[in-house]
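Enquirer: Can you keep this structure in mind? I'll have questions shortly.
The values are calculated or read from the model by the stated rules, or taken from the named source; none is laboratory data. Because the structure is a prediction, the values reported are computed rather than measured. Note: ideal-geometry Cβ built from the backbone for every residue, glycine included; neighbour counts use all protein chains shown. When the accessible area is computed, the model is the full protein with side chains, heavy atoms only, and any ligands, DNA or RNA have been set aside. Shrake-Rupley method; radii C 1.70, N 1.55, O 1.52, S 1.80 Å.
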Amino acid sequence: MEEVQPPVTPPIDPNGKRSEATLLDLCEKVLSLEGSVCDEALKLFTETKRILSANMANIGSGTREEVERFWFAFILYSVKMLTVRKQVGGQSVSGDNGFNLCQILRALKLNIVDFFKELPQFVVKAGPVLCELYGADWENRLQAKELQANFVHLSLLSKYYKRGYREFFLTYDANAEKTSANSASYLPDSYRFGWLLFLALRNHAFSRFKDLVTCTNGLVSVLAILIIHVPCRFRNFNIQDSSRFVKKGDKDVDLVASLCKIYDASEDELRKIMNKANCLIETILKKKPSPASGCKSDTLDNINPDGLTYFEDLLDESSISTSLTTLEKDYDDTVCNKGELDERVFINEEDSLLGSGSLSAGAVNLTGAKRKIDSLSSPARTFISPLSPHKSPAAKSTVTATPVSTAMTTAKWLRTVICPLPPKPSPGLELFLKSCDRDITNDVTRRAHVILEAIFPNSSLGDQCAGGSLQPVNLMDDIWAQQRRLEAVKLYYRVLEAMCKAEAQILHVNNLNSLLTNERFHRCMLACSAELVLATHKSITMLFPAVLERTGITAFDLSKVIESFIRHEDSLPRELRRHLNSLEERLLESMVWERGSSMYNSLIVAKAPLGLEINRLGLLAEPMPSLDAIAALINFSEGSSNHASSVQKAEACPGQNGDIKSPKRLCTDYRSILVERSSFASPVKERLLALGNVKSKTLPPPLQSAFATPTRPNPGGGGETCAETGINIFLTKINKLAAVRINGMVERLQLSQQTRESVYCLFQRVLAQRTSLLFNRHIDQIILCCFYGVAKISQMSLTFREIIYNYRKQPQCKPLVFRSVFVDSSQGRRQGRVGPDHVDIITFYNDVFIPAVKPLLVEIVPVKKGQAVEANNNPEGHCPGSPKVSVFPSVPDMSPKKVSAVHNVYVSPLRGSKMDALISHSSKSYYACVGESTHAYQSPSKDLSAINNRLNNNNSSNRKRTLKFDVEAGLVSDSMVGNSLYQQNQNQNQNETDASNQNQNGSDASSSGGAPFKTEPQD
């Protein structure tokens, strides 16, 4: 089989003298860095020079000059964040080197978006070097993910602030001449004042754990201060507008309540933040505060002054320039040389430093219109749910919800639904906890306190985790952490009670000892609750998978409870459901395959032949840390509550739950209602009944079995062990996710359904028979290789370059997927060859994938032909005229779904109510359903023949048909609908066949990717 040749890029200067001189000149003359910093940068460049030379083609555009500039930026940023410096007090800190990222990027003529797009490659490739030079914790200290999330949040907040400002204020003086009034780009100083005041709030008043919701409340409070102080001639609103402003009784407008109504903010939080902002104005700007009730100003007319503070001449023309200068100086002294970003650049959207394109931060996407259209047409990211977040009162019907407004709506759910709950088990939950073999209430509450304090630490622990940060008030950190712990524990108790009620309903007993005494299950539930709280507030300091690391569980553990968690919290907003679904995809696509996943502890039992490879690569998970170990790590104090020590006793003795330090849990005899299917639609949820190779009567294993000891027999598994049952369900999920992504790529590449089935069939065989190919890898890497392998053996003119080009348009695409694929370099070293641990996907395809998969690949076409012949020779098998049964699973109906690769045409599934009307007796249905006999005592095959004959009747002509309306029923006749759809499908299939024949007759493109791309028109 012909191998793919990777593109060749001229290597960098072998000696590196020219590059080193350029870097030194940049450090000394352009950035004016200290000699020690320059030496450190040169040292890191020397150590990573070989890596740079090997990866020139994978960075940026691949040109030597641009790649070198990117690499210099990575080097200087790493030196800034990782170099330890001694302060006067003898304390070691990192990150304070007198320069920031913005200065680096301006000097190298790069922008922030491109920097973050390319940085992950440097982190992966140069990781071993950074670990050797700066210690094992280098990745945490580098804070690359946090910095990217901070950039995305600030970009969103700056646009949110700009919209809010223009909603309330003019961008020109209403009394000025027309020439200045027509200048749309003019922004008054008050606009810049508001942003600088917001940055002062972030740096002085907010906790270290800056989140999107708190920052949005800060911006709303700034708008309130501006409304009070900006001269009336700049206003763009009428204070008497009853549709926007809330009046206090029949009197004046309640400004704070009005803004909370418009922006879904919390009135209590807004008043607190306004008080902090007023204190900053008094402290930094030296302005004297006065109660608004005692001030006379036209800006306060018709506004209720109760609780408001007014500053004389705060935004007058005579003093605003001085205030701006003072705020600028405060920012320089506090942040500029210590922080990574100069946050003042976001006030100017035209600054070239910001760049353009798309970046993501958790569930927040900074995207353009094209990306939104792609997300609609891709099944991997489309979400169908009966619950939708309510729009903000300020949002018009024609305005699309923004990430910030969605976050505020989700926070409102947490504030109004979860916060009023008690921070302890409800009487209903206590009944289940006391009905176990022993009362485990104290165990559950103590575990919740320990785990949640590990996730949301107090300031003393936070100081150990965030070196080089600012010096916020520790009290603010503690208050923020305490609030998040309370929200998470309330959500945890609420969902746990719902699960217990569901279990008791199916089992007809209240003793759920086997589930409620399972340590790993509770930690997964607590981690899921905490992750939802973090996702609601969108914190930038604790991004996923932080909750896994701090609770001691793995990605495979968490994937077992996500479905049940969603099902048993009916009020969960759509945004949080989407977040959990995206997490499930992240877990399945790569995280469960990483080293240290507990999935391997089950896989080694379910598939014993893989044990040798698993042990050789060192993939098994470490024992889960005990609760005592976590409590000791965070200096957990029992406080005044007298919790029983029975949790630790259960951990010490291998009773029904087994050893807490083992990733293996015991199985129980109970069946669980928690695994029943529901109406919630997810790309990976319909995991059994949608696949033809799984019996529809088989139910998934209960949660007790999912967390049980892998070697324990599963009572409901037909002789299988708990590990075999769990792995089968897990692999079925993987197949389902792969089917969705294969289907999306097939539609984008405009390939035939036969190709789709061949690719999916090959992936299934790889997963079942060459499972080790997925170890330490991403499933998309295997899918891309399957596409090219099928294309080569089918002699299709489809190049790897074209596959990757179209894969880039998929919403889940990450460049690292095809630029950095894990290979086991230890085998090469034993054979005398030296190579990297990560290579590009073409090298992986040639060196690893094809040697392992070639026997499976060459069997696909012959097997399909044999099956087709056998089916045609069987009179009771395939009925002539019926469509051939597809081996491809049914993917969930996506709405809306793009049905044309050329035109922007989308369709949505027929609503259930209209479906019921169509199949009612009044619609005069003329065709039979499967299982309904067309004549008395006919065989099923003859029934199918009769159905096909009726559908195919009078379709030989190509003339267009007109729909005949049934006057009596008022509906389109079902038979006419069927014939019309059939005619359309026939024409479409004929067009696809003609296009496929043209492709087969075209010239074969070179395997090196020299063929032109198959492109789509811009959406």
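Enquirer: Using only Cα atoms, locate the centre of region 749-818 and the centre of region 228-304, then give the distance between them in Å, rounded to an integer.
Expert: When both Cα centres are located, 58 Å separates them.
Enquirer: Something else: Taking the mean number of other Cβ atoms within 10 Å as a proxy for protection, how do you rank 784-791, 441-448, 17-24 from highest to lowest?
Expert: Working: 784-791: 25.2, 441-448: 20.9, 17-24: 14.8.
Ranking, from highest mean packing down: 784-791, 441-448, 17-24.
Enquirer: Roughly speaking, what is the stretch gain from LEU324 to SER352, that is 0.36 nm per residue apart minus the C-alpha to C-alpha distance, in nm to one decimal? The partial results should precede the final answer.
Expert: Details: separation 28, 0.36 × 28 = 10.08 nm, distance 2.31 nm.
So the extension gain works out to 7.8 nm.
Enquirer: Once Lys and Arg get +1 and Asp and Glu get -1 on their Cβ, which of PHE763, MET745, HIS778 lies farthest toward the positive end of the dipole of region 739-778?
Expert: HIS778
Enquirer: Rank by packing, highest mean first: peptides 188-194, 720-726, with packing defined as the count of other Cβ atoms within 10 Å averaged across residues. List each step's numbers first, then the result.
Expert: Working: 188-194: 19.0, 720-726: 24.0.
Final packing ranking: 720-726, 188-194.
Enquirer: If you build the Cα gyration tensor of region 751-859 and take the root of 5 times each eigenvalue, what three semi-axes come out, in whole angstrom, biggest first?
Expert: On the way: eigenvalues 108, 56, 31 Å².
The three semi-axes for region 751-859 are 23, 17, 12 Å.
Enquirer: Quickly rank 206-218, 271-283, 528-540, 591-603 as a protection proxy: mean count of other C-beta atoms within 10 Å, highest first. Write down the numbers at each step before the final one.
Expert: On the way: 206-218: 23.7, 271-283: 17.4, 528-540: 26.3, 591-603: 22.1.
Those peptides, ordered most packed to least, come out 528-540, 206-218, 591-603, 271-283.
Enquirer: I'd like the accessible area for LYS117: 1.4 Å probe, protein heavy atoms, all chains in place, Å² to the nearest 10.
Expert: Roll a 1.4 Å probe over it and LYS117 shows about 80 Å².
Enquirer: Only Lys, Arg, Asp and Glu count, each charged at its Cβ (+1, +1, -1, -1), so figure out the dipole size of region 751-859 about its Cα centre, rounded to 20 debye.
Expert: Roughly 140 debye for region 751-859.
Enquirer: So what J values fall out for region 123-130 if you push phi through Karplus, 6.51 cos²θ - 1.76 cosθ + 1.60 with θ = phi - 60°, rounded to Hz, Gly and Pro as x?
Expert: Along region 123-130, the couplings run 4, 6, 6, 8, x, x, 5, 5 Hz.
Enquirer: Taking 2.2 N^0.38 Å as the expected size of a compact globular protein, what ratio does the Cα radius of gyration of region 509-597 give against it, to two decimals?
Expert: On the way: Rg = 13.4 Å, N = 89, 2.2 N^0.38 = 12.1 Å.
Scaled against compact globular proteins, the figure is 1.10.
Enquirer: Over region 751-859, what is the mean sequence separation of C-alpha contacts under 8 Å (at least six apart), divided by residue count, expressed as relative contact order in percent? Show your work: numbers first, answer last.
Expert: Values: 86 pairs, mean separation 29.8, N = 109.
Reported relative contact order: 27 percent.
Enquirer: Starting from the amide H of HIS838, placed 1.01 Å from N in the peptide plane, find each other amide H under 5 Å away whose residue is 5 or more places distant or on another chain.
Expert: For HIS838, whose amide H was placed from the backbone, the distant partners under 5 Å are VAL823.
Enquirer: Keeping every protein chain present and rolling a 1.4 Å probe, give me the accessible area per residue for region 742-835 in Å². Provide the component values of the computation, followed by the final result.
Expert: Numbers: 3210 Å² over 94 residues.
Each residue of region 742-835 exposes 34 Å² on average to a 1.4 Å probe.
Enquirer: Right, next: Mind checking the full-extension length gain between ARG808 and ALA21? Use 0.36 nm per residue of separation minus the Cα-Cα distance, one decimal, nm. Show your work: numbers first, answer last.
Expert: Working: separation 787, 0.36 × 787 = 283.32 nm, distance 3.61 nm.
Once the chain is fully extended between ARG808 and ALA21, it gains 279.7 nm.
Enquirer: Calculate what fraction, in whole %, of the accessible area of region 751-859 sits on carbon and sulfur atoms when a 1.4 Å probe is rolled over the protein chains.
Expert: Values: 1920 of 3930 Å².
For region 751-859, the apolar C and S fraction of the accessible surface comes to 49 percent.
Enquirer: Another question, then. Taking 0.36 nm per residue of separation and subtracting the Cα-Cα distance, what length does fully extending LYS109 through LYS288 add? Intermediate results must be reported in sequence, preceding the final value.
Expert: On the way: separation 179, 0.36 × 179 = 64.44 nm, distance 4.40 nm.
Fully extending the segment from LYS109 to LYS288 adds 60.0 nm.
Enquirer: I would also like to ask the following. Could you please state, rounded to a whole Å, how far the C-alpha centre of region 507-528 is from the C-alpha centre of region 403-426?
Expert: 24 Å
Enquirer: Quick one: if the Förster radius is 22 Å, what FRET efficiency do GLU139 and LYS43 give, using the C-beta to C-beta distance and rounding to 0.05? Please report the intermediate quantities before stating the final value.
Expert: On the way: r = 19 Å, r/R0 = 0.88.
Between GLU139 and LYS43 the formula returns 0.70.
Enquirer: Can you work out the FRET efficiency for the pair ASN615 and GLN795, with r the C-beta to C-beta distance and R0 = 45 Å, to the nearest 0.05?
Expert: On the way: r = 41 Å, r/R0 = 0.91.
Efficiency computed from Cβ-Cβ geometry: 0.65.
Enquirer: When the accessible area of region 303-355 is split by element with a 1.4 Å probe, what percent falls to carbon and sulfur? Before the final figure, lay out each step's value.
Expert: Values: 980 of 2380 Å².
Carbon plus sulfur share of accessible area: 41 percent.
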